[in-house]
Amino acid sequence: MCRVLFAVGNGEAMKDLVDALVKSSENDLYKVALGKSPSHKDGWGFFWMSKDKAEHYKTIKPIFEDKEGVEKLLDSLKGFGVLLAHTRAASQGSVNLFNAQPFSYSSPKGFTFWFYHNGDLRKDELIKMAGFEEEELKDASDSYVFGLYLLSKLSSFEESEVLNAFKVVLPAVNTTLNTGTLLITPEEIRGFVTAYMVEKREKDPLYRRYSRLLKVEEKGLFAIVSSTFELYSSLPFEEIPNGRAFYTTIDLKGEKFEVRELTL
């Protein structure tokens with residue numbers, strides 16, 4: 001399991017969330033309550049995009065030991081933009097730079113997308129659904145394979161098509177499908193975030209507390225984050241009901257965005 005952050009709006013307003021990400025990744029008390037180690041230490045990364053630039057960074061260092069990388073992220077958060085950030089606690093796939101997130105994919109349909117995932121999926125089922133060869137992906141994480149699945153299935157990033165692509169894979173979820181995706185063409189940008197946990201996990205109070213996502217909506221900021229952020233930030237978080245998705249239209253030049261809440 002991992003800690004995640006999706007945010008759109010005023011970059012300066014995101015700095016408190018970055019601080020909470022670092023602290024959540026070093027000492028996750030909800031993870032400790034499950035009898036697990038406190039950290040998410042198996043690499044981290046971010047993607048930041050504004051009207052003038054895009055920056056991608058990832059490393060196998062833990063975020064809480066990577067002062068230079070965190071400063072790079074904080075220095076990037078100027079003006080209006082969109083941010084994806086992910087810290088990894090590996091469950092499948094080798095611990096290496098390749099499997100650090102977020103991942104980048106380019107579609108022959110004329111768009112690119114950035115993607116992160118928190119949770120555990122049945123990788124073999126995803127490989128079969130997408131028609132891939134299992135041996136070729138033996139060292140890749142389930143999250144990376146899910147992104148490849150999306151790449152093979154999406155012909156556009158219209159709301160209904162994206163939503164349906166995620167719905168189809170819900171039976172292959174072992175724990176959670178907490179994801180963030182940023183889809184980009186030369187003319188358009190869309191964000192898509194999912195908050196989903198299997199029924200068994202939702203019924204267990206400790207696992208539910210750990211697995212749920214939170215959102216914060218303030219003037220000029222919309223963000224969805226992992227549950228542990230509430231322990232390290234005073235922002236007004238609201239718990240997201242299980243099985244929800246958020247489709248976001250982003251206008252970097254006009255410095256505005258719109259969010260639609262959907263049901264998985």
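Of the residues making up the stretch 55-68, those that are surrounded by 15 or more Cβ atoms within 10 Å (Cβ to Cβ), in contact with a strand residue (DSSP E or B) (Cβ under 8 Å, 6 or more places away or on another chain) and of a type outside the set (Ser, Thr, Tyr) are GLU55, LYS58, LYS61, PRO62, ILE63, ASP66.
Evaluating LEU126 against the criteria (1) out of contact with any helix residue (DSSP H, G or I) (no Cβ under 6 Å at 6 or more places or on another chain); (2) open to solvent by less than 10 Å² (accessible area, probe 1.4 Å) leaves one unmet condition, (1). Could you tell me which numbered condition VAL225 fails, if it satisfies all but one of (1) surrounded by 21 or more Cβ atoms within 10 Å (Cβ to Cβ); (2) part of a loop (DSSP other than H, G, I, E, B)? All conditions are met except number (2).
So, in the stretch 69-117, how many residues would count as being of a type in the set (Val, Ile, Thr), assigned to a strand (DSSP E or B) and open to solvent by 10 Å² or more (accessible area, probe 1.4 Å)?
Taking the stretch 69-117 as the starting set, the residues that turn out to be of a type in the set (Val, Ile, Thr) are 70, 82, 87, 95, 112.
Then drop every residue that is not assigned to a strand (DSSP E or B), which leaves 82, 87, 112.
In the following step, the residues that additionally are open to solvent by 10 Å² or more (accessible area, probe 1.4 Å) were identified as 112.
Final tally of qualifying residues: 1.
Taken over the stretch 252-264, the criterion of being farther than 22 Å from PHE80 by Cα and not in a strand (DSSP E or B) is satisfied by LEU264 alone. Checking each residue in the stretch 42-68 for being among the hydrophobic types (A, V, I, L, M, F, W, C) and in a loop (DSSP other than H, G, I, E, B) picks out only ILE60. Of all residues in the stretch 166-184, those that are open to solvent by 10 Å² or more (accessible area, probe 1.4 Å) have Cβ atoms under 6 Å from Cβ atoms of residues that are in a helix (DSSP H, G or I) and charged (D, E, K, R), 6 or more apart or on another chain, in THR175/ARG201.
Checked across the stretch 17-40, the condition of being open to solvent by less than 30 Å² (accessible area, probe 1.4 Å), among the aromatic types (Phe, Trp, Tyr) and either in a strand (DSSP E or B) or at pLDDT below 95 (or both) holds for no residue. Would you confirm whether or not the stretch 232-251 contains a residue that is touching a strand residue (DSSP E or B) at 6+ places or on another chain (Cβ under 7 Å), open to solvent by 80 Å² or more (accessible area, probe 1.4 Å) and under 25 Å from PHE80 (Cα atoms)? So far as the stretch 232-251 goes, yes, one or more of its residues are touching a strand residue (DSSP E or B) at 6+ places or on another chain (Cβ under 7 Å), open to solvent by 80 Å² or more (accessible area, probe 1.4 Å) and under 25 Å from PHE80 (Cα atoms).
Of the residues making up the stretch 195-229, those that are over 17 Å from GLY11 (Cβ atoms) and aliphatic (A, V, I, L, M) are ALA195, MET197, VAL198, LEU206, LEU213, LEU214.
Is there a residue in the stretch 192-206 that is in contact with a strand residue (DSSP E or B) (Cβ under 9 Å, 6 or more places away or on another chain) and without any contact (Cβ under 8 Å) to a residue 12 or more places away in the chain? Within the stretch 192-206 (the criterion being in contact with a strand residue (DSSP E or B) (Cβ under 9 Å, 6 or more places away or on another chain) and without any contact (Cβ under 8 Å) to a residue 12 or more places away in the chain), the answer is no, since none of the residues qualifies. Cβ-Cβ contacts under 7 Å between residues 6 or more apart (or on different chains), taken from a first residue in the stretch 137-158 that is aromatic (Phe, Trp, Tyr) to a second residue that is open to solvent by 10 Å² or more (accessible area, probe 1.4 Å) and assigned to a helix (DSSP H, G or I), are listed as TYR149/MET129; TYR149/ALA130.
The values are calculated or read from the model by the stated rules, or taken from the named source; none is laboratory data. Please read these numbers as outputs of a predicted model, since none were measured by experiment. Because the Cβ atoms are built from the backbone with ideal geometry, glycine has one as well, and the counts that use them run over all protein chains shown. For the accessible areas, the whole protein counts, side chains as well, though only heavy atoms, and no ligand, DNA or RNA atoms are used. Shrake-Rupley method; radii C 1.70, N 1.55, O 1.52, S 1.80 Å.
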